[in-house]
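Colleague: For reference, the structure I am asking about is given below.
Derivation of every value follows stated rules applied to the coordinates shown; laboratory data play no part. Since this is a predicted model, take the numbers as computed values, not measurements. When we count neighbours, we look across all protein chains shown, and the Cβ atoms used for this are built from the backbone with ideal geometry, even at glycine.
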Amino acid sequence: MKIHNFSAGPCVLPREVILKASEALLDFDNGLSLIEISHRSKAFVDVMEKARSLALELLGLEGKGYKALFLQGGASMQFLQVALNLLEKRAGYLNTGAWSDKAIKEAKLFDDIYEVGSSKDAGYNYIPRGYDIPSDYDYFHCTSNNTIYGTQIRQFPKCDIPMVCDMSSDIFSRSLDFSQFDLIYAGAQKNMGPAGTTLVIVKEDILGKVSRKIPSMMDYKVHIGKSSMFNTPPVFAVYTSMLTMEWLKNLGGIKAIEEENEKKASLMYSEIDLNPLFKGYAAKEDRSKMNATFTLLNEDLKETFDTMCKEEGISGINGHRSVGGYRASMYNALSLDSVKVLVEVMSELESKA
Ligand SMILES: *Cc1c(COP(=O)(O)O)cnc(C)c1O
């Protein structure tokens, strides 16, 4: 049976990427496995360089003063690494979900953090608007897509100070002017590859401005100086991420995948809105094109719905434990057909009820 993987992360990857990655596990370089060769070998150095340049190319940031790094520690480590490298006195954070909240908590360990806006009181079901970002702050931090609540920032604020964005769950999914950001980070496991590496894209000229001493492993400048090879990189995660970026490039890049993602999201949300059994969680104007969150209004139907989903091979649609209900994550590698299958089950439930 075909499985339709709606998991929020780690999540679905293109089948051809998984096949190529598994071949590399067996034989990558003259009979040696990808995970048993030196990361200093030419074969792997080429992979790292390709991955770094593809990331900049896909985002349209080549030749604009940015560097791409593949680091470890997940997006969660970026919560503190960003602060260590950029926070001198005060920074502004937009609090749009549990991940933003964690970023704030970590940064507060180092200096003063001001929440420019928050939707915490409303269970993070919308994106705050009309907030000010003081121009004397060190940087502004936001989360482009809130994986748990299913909200997404459409319009980013005009910002006179460096803008830092956690794009873990919507990187490479939609076209934006990425040069409005000075630092972008994304854990690989939502839209790029397996867990184990984090993409960091940083504009070099924002670095080196804080007075604190930064431990080497935490210092972006050290990683840039060593071409993202300061220590042993997570070779499998970087290689697989590179394959996914190649897959995306061959499809026609972000523009092409964005059209697919629009189709998937509009099919999904029109079912949520038209089917009287379901209700969307996020404010309509802020709905995420990656993670659709919704609830079943009549709990008595839950067992039936869950069984029907299971019978169709639908996997991973349970909502995050803090929100409940359902969450259909529609990352780049999820096909429109998978969304059609889910939508059909939802409408079949309606006809049965
Ligand atoms: C999943 C997620 C994280 C956490 O990523 P880790 O790699 O597990 O640390 C951070 N931010 C967002 C927006 C996420 O979706």
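Colleague: What residues have an amide H closer than 5 Å to that of CYS159, excluding those fewer than 5 places away on the same chain, when H is modeled at 1.01 Å from N in the peptide plane?
Modeller: Distant-sequence amide H within range of CYS159: zero hits.
Colleague: Moving on to the next point. Let a ≥ b ≥ c be the square roots of the eigenvalues of the Cα gyration tensor of region 185-305; is it rounded (a/c under 1.5), or, if not, prolate (a/b larger than b/c) or oblate?
Modeller: Prolate shape, in that a/c is at least 1.5 and a/b is the bigger ratio.
Colleague: Suppose R0 equals 45 Å. What FRET efficiency, 1/(1 + (r/R0)^6) with r the Cβ-Cβ distance, do LEU297 and ASP29 give to the nearest 0.05?
Modeller: On the way: r = 55 Å, r/R0 = 1.23.
With R0 = 45 Å, the Cβ-Cβ based efficiency is 0.20.
Colleague: Quick one: what are the phi-derived ³J(HN,Hα) couplings along region 160-169, Karplus 6.51/-1.76/1.60 with θ = phi - 60°, whole Hz, x for glycine and proline?
Modeller: 7, 10, x, 10, 10, 9, 7, 10, 3, 10
Colleague: Oh, and also: With +1 on each Lys and Arg Cβ and -1 on each Asp and Glu Cβ, how big is the dipole of the chain about its Cα centre, in debye rounded to the nearest 20?
Modeller: The dipole magnitude comes to about 620 debye.
Colleague: I've got another one for you. With θ set to phi - 60° and the Karplus curve 6.51 cos²θ - 1.76 cosθ + 1.60, what are the ³J(HN,Hα) couplings of region 82-98 in order, to the nearest whole Hz, using x for Gly and Pro?
Modeller: For region 82-98, the Karplus-derived couplings read 4, 5, 4, 8, 10, 8, 9, 10, 7, 9, x, 10, 9, 9, 10, x, 4 Hz, x marking Gly and Pro.
Colleague: In nanometres, what is the gap between the two model label sites at ALA195 and SER322, each 7 Å from Cα along Cα-to-Cβ?
Modeller: Spacing of the two 7 Å Cα→Cβ label points: 1.7 nm.
Colleague: With no solvent and one equal point scatterer placed on each C-alpha of region 15-251, evaluate the Debye formula and give log10 I(q)/I(0) for q = 0.09, 0.11, 0.16 Å⁻¹, two decimals.
Modeller: -0.38, -0.56, -1.13
Colleague: Calculate one ³J(HN,Hα) per residue across region 43-56 by plugging θ = phi - 60° into the Karplus curve 6.51 cos²θ - 1.76 cosθ + 1.60, and present them in order as whole Hz with x for glycine and proline.
Modeller: Ordered by residue, 3J(HN,Hα) equals 4, 7, 4, 4, 5, 4, 5, 5, 4, 5, 6, 4, 4, 5 Hz.
Colleague: Could you check the spin-label model distance between LEU109 and ASP160? Points 7 Å from the Cα along Cα→Cβ, value in nm.
Modeller: 3.2 nm
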